[in-house]
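Worksheet: one structure, shown below.
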Amino acid sequence: MVTSREMLTYEAAIRHILGLAEPTASETVPLSEAAGRVLADPAVTATVDIPAFANSAMDGFAVRAADLPGRLDVVGEVAAGAVRHEALASGTAVRIMTGAPIPPGADAVVPVEDATQVGERVTIADAVEPGRHVRGSGHDTRAGDEVQVAGELTASRIAVLASLGVGSVEVRRRPRVAILSTGDELVEPGAPLGPGQIHDTNGVALAAAVRECGAESLLMARQPDDPAAIDGALRDAAPRGDLIVTSGGVSVGRHDHVRALLEEHGDLDFWRVAVQPGKPLAMGMIHGTRLIGLPGNPVSALVTFELFVRPYLRAMLGLHGDGRMHIAASPVARMNKDRSRRAYLRVVVWEEDGRVRARSAGGQLSSQLRPMAEANALLIVPEGVDAAREGDTYEAVLLDPIGRGPTP
Ligand code: AMP
Ligand code: MG
């Protein structure tokens, strides 16, 4: 447990958060439904050779290499899915299709385009070495091999599992995340605004961010800045989620009740991290469920989600890190920041003359939301400096592929 008044570095905070993440239980799903899921155990043991039998890599003629060059009698045909049991006698060939089992006695395949068939005879002008165009049994995988299928199930990993004869898989259950916006000023997106009101952007945005991590989101009804109402919503959310993510109410204002509730009814681990945007951040337990309280400013909420909630949800799925590509990028102009905190500046990065350049995606205030959507990266500028300097190189977290964002 970390003392709650301490200001934590990013490293200390992420280490602490990841130390608390427990993998979800597993569940069985059909392979056809498994895209994007994560195997509970990435080691899959092959039970058969793949392929299970030697087969032809080409449409052509199965032959005995020792007969060639020469003219052979075509004594039959074998298509994919069929089997020819008779051994191939010397001086004969069998027409064979790609994927069909090599008949016993044959040891090579001559492609159609290298053979001349007239009636039931085929002339092959060149010699071939034994094994030519034969896909040996087990040349992809041997029975007993341990195949590592780690990470989210992509099309190619699903293909490997299917080839191994797997029809259903044990995957980590998607973490369930209850999302709760707090604030007297908040109104449903789409509803008209009264004086002093704003649309609740965090609820829907955090729900989307949760789903992007492979977790399930449960958007709770937003609550006013009223401790009893917020506590009621947390009691409702706790048994339904593996994690509660709140936004707003974790700062030091008079109406910042989420932090106060954690202190009174729960267990507050820490509530300030030296990152910009996002300093106030709460982590704790309430009504038996883990809670991460994000700041209310939408930019701060999304950046701290990226920094802390995303790796936490991935850890619950058995995945490592943030799943993002980290690159080195150089600003084309100075960008100021707070010296005491590590900044995550919203930038557009692009490649030019073999280097990755970065420019500010717009205003860097945590109330300026649009640059967050226009950025394709977060530029990490460390503690102890008051700006990202032109030409210097910084680590950047790619949120979108280079080139997919707006042009510089
Ligand atoms: P708070 O963390 O509650 O002090 O809120 C900080 C700022 O974020 C205030 O300007 C709030 O109006 C704003 N804010 C809080 N929650 C949301 C939300 N769900 N959607 C949009 N803005 C919010
Ligand atoms: Mg508030």
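Derivation of every value follows stated rules applied to the coordinates shown; laboratory data play no part. Owing to the predicted nature of the structure, the values given are computational and were not obtained by experimental measurement. Here the Cβ positions follow ideal geometry from the backbone for every residue, glycine too, while neighbour counts run over all protein chains shown.
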Spin-label model distance (nm) - residue 47 vs residue 204, 7 Å beyond Cα toward Cβ = 4.8
Among 305, 186, 154, the residue whose Cα sits farthest towards the positive end of the charge dipole of the chain (+1 at Cβ of Lys and Arg, -1 at Cβ of Asp and Glu, taken about the Cα centre) is 186
Using 17 Å as the cut-off for backbone N distance, which residues of the range 186-204 belong to the label zone defined by a point 7 Å from the Cα of residue 226 along Cα→Cβ?
-> 186-188
How many nm is it between the label spots at residue 112 and residue 22, if each spot is 7 Å from the Cα in line with the beta carbon?
-> 6.1
Using alpha-carbon positions, the gyration tensor of the range 253-361 gives root eigenvalues a ≥ b ≥ c; with a/c under 1.5 called rounded, otherwise prolate if a/b exceeds b/c, else oblate, the class is oblate
Where the only charges are on Cβ atoms (+1 Lys, Arg; -1 Asp, Glu), what is the dipole of the chain about its Cα centre, to the nearest 20 debye?
-> 780
Which of 287, 87, 125, positive extreme of dipole for the chain (C-beta unit charges) | 287
Grab the beta carbon distance between residue 66 and residue 170, set R0 = 30 Å, and tell me the FRET efficiency rounded to 0.05.
-> 0.05
Assuming R0 = 41 Å, what is the FRET efficiency of residue 32 and residue 252, from their Cβ-Cβ distance, to the nearest 0.05?
-> 0.20
Which value at 222 nm does the chain reach when only helices count, each DSSP H run of 4 or more adding -39,500 (n - 2.57), with the total divided by all residues and rounded to the nearest 500 deg cm²/dmol?
-> -5000 deg cm²/dmol
Everything considered on the Cα gyration tensor (a ≥ b ≥ c; rounded for a/c under 1.5, else prolate if a/b is larger than b/c, else oblate), the range 180-278 must be described as rounded
Which of the peptides 115-125, 187-197 is most tightly packed, and how do the rest follow, going by the mean number of other Cβ atoms within 10 Å of each residue?
-> 115-125, 187-197
Contour minus end-to-end for residue 353 and residue 129, with contour as 0.36 nm per residue of separation and end-to-end as the Cα-Cα distance?
-> 75.8 nm
Size of electric dipole in the range 55-135: Cβ of Lys, Arg +1 and of Asp, Glu -1, about Cα centre, debye, nearest 20 = 120
Average silhouette area of the range 212-266, convex hull of alpha-carbon atoms, in square nanometres | 4.3
Per-residue Cβ contact counts at 10 Å, fewest first, order 50, 292 as 50, 292
Quick one: compute the contact order of the chain, relative version, from alpha carbon pairs under 8 angstrom and 6+ residues apart, as a percent.
-> 15
Would you mind computing, in nm to one decimal, how far apart the modelled labels at residue 339 and residue 85 are, each placed 7 Å from Cα along Cα→Cβ?
-> 8.8
Shape call, the range 326-404: gyration tensor on alpha carbons, a/c limit 1.5 | oblate
Provide the packing ranking of 220-231, 146-157, i.e. peptides ordered by the mean count of other C-beta atoms within 10 Å per residue, highest first.
-> 220-231, 146-157
For residue 386, the net charge from surrounding residues (Cβ-Cβ under 12 Å; K, R +1; D, E -1) works out to +3
Stretch gain in nm, segment residue 374-residue 267, where the contour uses 0.36 nm per residue and the Cα spacing is subtracted | 34.8 nm
Can you give the charge dipole size of the range 326-404 about its Cα centre, rounded to the nearest 20 debye, using +1 on the beta carbon of Lys and Arg and -1 on the beta carbon of Asp and Glu?
-> 220
The chain - convex hull of alpha carbons, volume per residue in Å³ = 203
Hypothetical label at residue 236: residues of the range 179-195 whose amide nitrogen lies under 20 Å (7 Å Cα-Cβ projection) | 179-191
Checked against the positive end of the charge dipole of the chain (+1 on Cβ of Lys and Arg, -1 on Cβ of Asp and Glu, about the Cα centre), the farthest of 323, 349, 40 is 349
Note down the net charge around residue 49, summing +1 for each Lys or Arg and -1 for each Asp or Glu among other residues with Cβ under 10 Å from its Cβ.
-> -1
Relative contact order for the range 295-408: what is it in percent, counting Cα pairs under 8 Å that are at least 6 residues apart?
-> 32
Counting DSSP beta bridges with both partners in the chain, what percentage is antiparallel, nearest 5?
-> 70
20 Å tail of the calculated P(r), the range 55-135, as % of Cα pairs = 16
